[in-house]
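What follows is a single structure, written as structure tokens, with notes after it.
Read-outs throughout are calculated quantities, based only on the coordinates presented, and are distinct from any laboratory measurement. Small disclaimer: the values here were computed from a predicted structure and weren't measured. Positions of Cβ are backbone-derived with ideal geometry, glycine not excepted, and every protein chain shown enters the neighbour counts.
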Amino acid sequence: MKIEEFVEAEIKAVRTISKLWLLPIIALLIGGWMVYYQISNQGSLITINFLSAQGIEAGKTKIKFLNVNVGNVKKVELNSKGDGVTVTARMSKAAEKLLVKDTQFWVVSPKVSLDGISGLNTLISGVYIQLARGVSDELEDNYNALQSPPVTPLGTPGLHITLNSDDQFAYEKGDPITYKGLTVGQFEDLYFNLEERVVYYNAFIKAPYHELITTNTKFWDMTGLNVELKASGLSLETGNIETLLSNGVTFDVPEGMKAGEKITSRYDFDVYPNYQTASDQRYKHFLEYIILVSDTVRGLVVGAPVEYRGIRIGEVTAIHVANSDNRFFTDDVKIPVLIRVQPGRVGLSDDEDGVATMEKQHTHWIKNGLKANLRTGNLLTGSLFIELQHYEQQPIETIDNYAGYAVIPTVADQFSNILAKVEEFIDKLNKLPLNETMVTANSTLLDISDMTSELSKTSENVNILLSDINAKELSDELKTTLLNFSQLSKDFSAGSDNYNEISATLKSLSSLLQELEPVLNQIKHQPNSLIFNSGTTTTITPKKYSENK
Amino acid sequence: MINELLNKFFKLVFIGVTSLILFSCSSSTTETHYFLLMNNVAQETNTSSSENKQYNVSVEIPEYLKKPYIAMQLGENQIHYSLFNLWAEPLQQGIKKALIFDLNQSIFPNKELLITEQIRVKINYFHATENSKVILSGYFSIKGKLEDNKKPFYFEMTLEKDGFSHSISKMRKLIGQLSFKISSLLI
């Protein structure tokens, strides 16, 4: 083809849009639709207030509900006051119904606690914000995040209660509430009332265990290992493993007590130190007496039992009750101890009638010899308790009064009596002149020792003397003499001929003397009758019987 | 001179003593009689030893009967000892022998029981009286299985002849009455 054959182009005006514009238009439409879709489907924007934004990053941190992303953190900035962080988050459309007034937010991060290890997945994925749905119907878009996950998520079936404690218990959020070893609830939070000096704990009992809570339910501490050494002995009590390592409480209706009415809404309960104290609270009505103690009250504590012949009927309420009445201080200072006796413990009704009956009974007994004394309950710890017992005495007319309370007379404890007697005996023993006695005994022993040594010397001399004598010759002579003596005694022993001869001779002599007796009498009375005849001798003889007599 | 006086003195003494002896020889003498309470000597000897049981008898007599002279009561409380009538053996032994002999002769069937028992007899009075009687009184007891109560006894008999011989015979019979009473307790 040649260059001179170029033809000049003919320019004509286009009157239609180029088909080329379809692409950008289509793209534009698609883009517009996407924007529209995006705008129409995006959720609401909410703000959440945190104390710190640790781990929260704008554009990265998710908001999850039931492990499903329902929102994203868009912006993290300091609040206007500068004491917190405001996090702006875009929620998904589907999550808008979750944004009610009592919806809760908190940051989920790795956590190691007694409850276990949680949030480990956030080590890889990063922290996220957990959402807990509320139950309110009112919508909200501004929230204050929780410092830590709630113990009881909202809507959990169960019962919220308040536990009050003025004792030295320190419970924390999450501490368990157990029932017969099972964890059935937890402490949620606490509030300390400065004026009342009482700590109030909000707690939650999960279903179905919340149905166990009644008006007569008692709560007591079950922290760690509970060891008590008291008048009744050593007691060891513990809950489950969880309470062994942390604090916790347990509950139940005390044995012998009625179940009471079920509780369906928040109710206040007291926390007692142990089961026994909790059980003792069942008795509402009581009588109070004063006991004036002359002995030591060391070992007697508030709460120590008061027993009547071995049966617990009450407890010590106060020791050393102050009173301006000094009537009893003339001889010695008597320590007033306030005791409380409960009619419910002895089978009487726990009401005013029971109190009246018990008062009448005790008044009669006190007038007729009921007395109190301190007894040692545990020799190991020296703990004391009060025993009421009857003693023989003349009836009294009136009962003493102290600070408005009737006084129960006291007697000294038998153990104290024994101790007093032992002390008295030891005092007497100390007063004995043992030193002088010991000195005298020592000198006597020395004298005896000297005497013994002299005796020893004497015996040695005798031995020497004996050894000088011709012992053989002496013993032979002694032997011969003994033999002769033995023969002689044999010859004259009873039954021998010589003995018989001597006996016969003596008998003859005796009879001869008896025969000579009248002669001697005659000579004594008439000495010349031996020579001269004293006249005719009249002989008296028995005569025969004659009627003429 | 002195020698002559001494010789005369000795002669006088010799004559005096001789005279006294002669005077004393002129005094009259009385014969002494000896008596036994046990009068069954021949019978006791002839009885075989197997028939004679050894009763455990003890006899106690008062002091006034321990003399060898036979006693006799005069009046209410006077005792006369006959100097020429004596017991040939101690009266206590005689009473015991007589009592044992009589117990052996007893006719009661249960007399065998008496062998195991101890019979104690205490005599208070055992003599003749001037009222022509002989008396025996006291009490006895039987120990062992039988009761140990004292049983008093009093026996008397009238003399029918004069003389100690008859009175002693009567006294022997009184012992027989005593043994009868003792053995009669076992019926």
- Message: Let me check the size of the stretch A:76-116 from its C-alpha atoms; what are the radius of gyration and Dmax in Å?
- Response: 14.6, 38
- Item | Under Karplus coefficients 6.51, -1.76 and 1.60, residue-wise ³J(HN,Hα) of the stretch A:53-70 in Hz, glycine/proline x | 9, 4, x, 8, 10, 5, x, 10, 5, 9, 10, 10, 9, 6, 6, 10, 5, 10
- Query: Assigning unit charges at the beta carbon (Lys, Arg +1; Asp, Glu -1) and nothing else, what dipole magnitude in debye, to the nearest 20, does the stretch A:241-311 show about its Cα centre?
  - Reply: 140 debye
- Would you please state the base-10 log of I(q)/I(0) at q = 0.15, 0.25 1/Å for the stretch A:329-388, with intensities from the Debye formula using one equal scatterer on every alpha carbon? -0.66, -1.09
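State the percent of C-alpha pairs, over all pairs in the stretch A:52-150, separated by a distance greater than 23 angstrom.
Numbers: 1153 of 4851 pairs.
Roughly 24 percent, once rounded to a whole number.
Based on Cβ point charges of +1 for Lys and Arg and -1 for Asp and Glu, what charge dipole magnitude is obtained for chain A about its Cα centre, in debye rounded to the nearest 20? Walk me through the numbers before you get to the answer.
Working: 50 positive and 68 negative charges, 407 e Å.
Computed charge dipole of chain A: roughly 1960 debye.
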- Message: Among A:206-214, A:9-17, A:484-492, A:181-189, how do they line up by average Cβ neighbours within 10 Å per residue, starting with the highest?
- Response: A:181-189, A:206-214, A:484-492, A:9-17
- Task: Could you let me know the centre-to-centre spacing of the stretch A:424-452 and the stretch A:202-221, using Cα atoms, in angstrom?
- Result: 76 Å
- Message: Suppose only helical runs count, i.e. DSSP H with n ≥ 4. What mean residue ellipticity at 222 nm does that imply for chain A under -39500 (n - 2.57) per run, divided by all residues and rounded to the nearest 500 deg cm²/dmol?
- Response: -9500 deg cm²/dmol
- Query: Cα convex hull of the stretch A:144-192: mean projected area in nm², to one decimal?
  - Reply: 4.7 nm²
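Enter the mean number of other protein chain beta carbons within 10 Å of the beta carbon of each residue in B:70-82, as an integer. Please report the intermediate quantities before stating the final value.
Values: counts 2, 0, 3, 1, 1, 0, 0, 0, 0, 0, 3, 3, 5.
The per-residue average across the peptide is 1.
Please report the equivalent ellipsoid semi-axes of the stretch A:1-109, computed as sqrt(5 x eigenvalue) of the Cα gyration tensor, largest first, in whole Å.
So the three semi-axes of the stretch A:1-109 are 57, 18, 12 Å.
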- Task: List, in the order given, every pair from A:K62/A:K206; B:K67/B:K143; A:K64/A:K97; B:K66/B:K181; B:K97/B:K150; A:K543/B:K170 whose Cα-Cα distance in the structure shown is over 18 Å.
- Result: A:K62/A:K206; B:K67/B:K143; B:K66/B:K181; B:K97/B:K150
- Task: Place +1 on the Cβ of every Lys and Arg and -1 on the Cβ of every Asp and Glu in the protein assembly as shown, take the dipole about the Cα centre, and give the residue among A:I39, B:I15, A:A145 whose Cα lies farthest towards its positive end.
- Result: B:I15
- Which of the lysines could be linked to A:K457 by a straight reach, that is with a Cα gap under 21 Å, when you skip same-chain ones fewer than 8 residues away? none
- Task: Determine the distance separating the Cα centre of the stretch A:472-492 from the Cα centre of the stretch A:243-289; give it in Å without decimals.
- Result: 106 Å
- Query: Given H placed on each backbone N at 1.01 Å, which residues far from A:G71 in sequence or on other chains put an amide H within less than 5 Å of it?
  - Reply: A:I63, A:S92
- Item | For the protein assembly as shown, alpha-carbon Rg and Dmax in angstrom | 68.3, 260
